[in-house]
Amino acid sequence: MDQFIPINEPLLGGNEKKYLCECIDSGWISSEGPYVERFEKGMAVYTGRKYGIAVSSGTSALETAVQALELPKGSEVILPAFTIISCAQAVVKAGLVPVVVDCMEDTWNMDVSQIEEKITEKTAAIMAVHIYGITVDMDPVLLLARKYGLKVIEDAAQAHGQTYKGKRCGSFGDVSIFSFYPNKLIACGEGGMVLTDDAKLADRCRKIRNLCFLPERRFVHEELGSNFRMTNMQAAIGCAQLERIEEAILKKREIGRFYKEHLKQAEGVLCQSVERTEYCDNIYWVYGVVLEHTKMDAGQAMEKLRKRGIGTRPFFYPIQKQPVFLKMGLFQGEACPVSEKIAEKGFYIPSGLGLTEEKMQKVAQVMLEEFS
């Protein structure tokens, strides 16, 4: 077998090493170091937000954001069926009820036309999650939020540098979040960010990420928070990555265009064919495919590619089918056919920022051989 091509290879070719050495030389390796505030301010400026609150992961960013909103216990939050479990997990952990809407066939984002019919007197918020490089159509979401007095949580974990109608993702709604996992355009190893324009909400997020210490008396607590602090070393990498975000965006779109052109003849798969919508150009965070004209499921196809030295990753498993939520009595009888179909038949192929043209050629060649 030729050298294995992993699903993601991060690109660390800027000031990452320089800034990390500064952390080590100065001794500032904890969350108290200066790079944390620098990264927070940098992300806030980049997205057009007033406040950034750095945390330890995208999941912790979601949990911090939802808790900070102080929504009434038992109220409902509408979110996409096709997303990572972290979104619904944050809702459940806050004592709230997740309500799902199906995704669209072409963009794989939540079908905003289904949201209003899910709104009840218990609905308190909508969580909009940008999926795989295309944005949610945010205008209808924001309109519904104003109409019904709902909060909006924007999950931009996969949308660094993406825009909706020319406005940066991460700038919409009451609160938004990013993830800095290694497969993201800004990668810190682990890490996340909460962003908002509300000063009180920002203060609550800072309190929650730091165990809700009372400001006047450390180690005294009136509510439960979490240790979600980002380290100075993670933030140092984030600062270096943010400096090169535009380069990362260009590279992602180059990868997307390459696969789109070279996989035209792969008749057994429906490629991520939406290059642009009326409100955004695909940033191709990952390059996804959905199997067609075959009884093979994604797992079988991925195993064939693994044997050929190509790394893959399955699509998200639908929220309404997650065993842990079914055990809780949630989503009984709930069906989201589009999400279920693409979860069964969909996966994505190597598309990390460290991917070379030679490796892209190899991936395309194998895909054509297996699925034409």
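The values are calculated or read from the model by the stated rules, or taken from the named source; none is laboratory data. Here the structure is a predicted model, which is why all the values come from computation and not from measurement. Note: ideal-geometry Cβ built from the backbone for every residue, glycine included; neighbour counts use all protein chains shown. Remember, those area values only see protein heavy atoms, side chains included, never the ligands or the DNA or RNA. Shrake-Rupley method; radii C 1.70, N 1.55, O 1.52, S 1.80 Å.
Numbers below:
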{"read-out": "FRET efficiency, Glu334 to Tyr279 (Cβ-Cβ, R0 25 Å, nearest 0.05)", "value": "0.35"}
{"read-out": "Pairwise FRET efficiency - Lys341 versus Glu70, Cβ, R0 = 41 Å, nearest 0.05", "value": "0.65"}
{"read-out": "Tail weight of P(r) past 36 Å, computed on alpha-carbon pairs of the chain, percent", "value": "22"}
{"read-out": "Cα centroid separation, the range 294-344 to the range 170-202 (Å)", "value": "27"}
{"read-out": "Residues with amide H under 5 Å from that of Val269, placed H, sequence gap 5 or more", "value": "Glu292"}
{"read-out": "Flagged links, alpha-carbon separation over 29 Å, of Lys147/Lys252; Lys122/Lys207; Lys147/Lys184; Lys252/Lys295; Lys17/Lys362", "value": "Lys147/Lys252; Lys147/Lys184; Lys252/Lys295; Lys17/Lys362"}
{"read-out": "Sum of -39500 (n - 2.57) over DSSP H runs of 4+, divided by residues of the chain (222 nm, nearest 500)", "value": "-11500 deg cm²/dmol"}
{"read-out": "Cβ-placed point charges (K, R +1; D, E -1), dipole of the range 197-273 about Cα centre in debye, nearest 20", "value": "140"}
{"read-out": "Ranked by how many other beta carbons lie within 10 Å on average, peptides 206-219, 72-85 from highest", "value": "72-85, 206-219"}
{"read-out": "Accessible carbon and sulfur surface of the range 263-372 relative to its total accessible area, %, 1.4 Å", "value": "49"}
{"read-out": "Beta bridges by DSSP in the range 104-170, antiparallel share as percent, to the nearest 5", "value": "40"}
{"read-out": "Neighbour-limited loop hits for GluC sites (Glu not before Pro), the range 254-312 (at most 15 other Cβ within 10 Å; DSSP other than H, G, I, E, B)", "value": "Glu267, Glu275, Glu278, Glu292"}
{"read-out": "Alpha carbon centroid spacing (whole Å) that separates the range 43-93 from the range 229-261", "value": "22"}
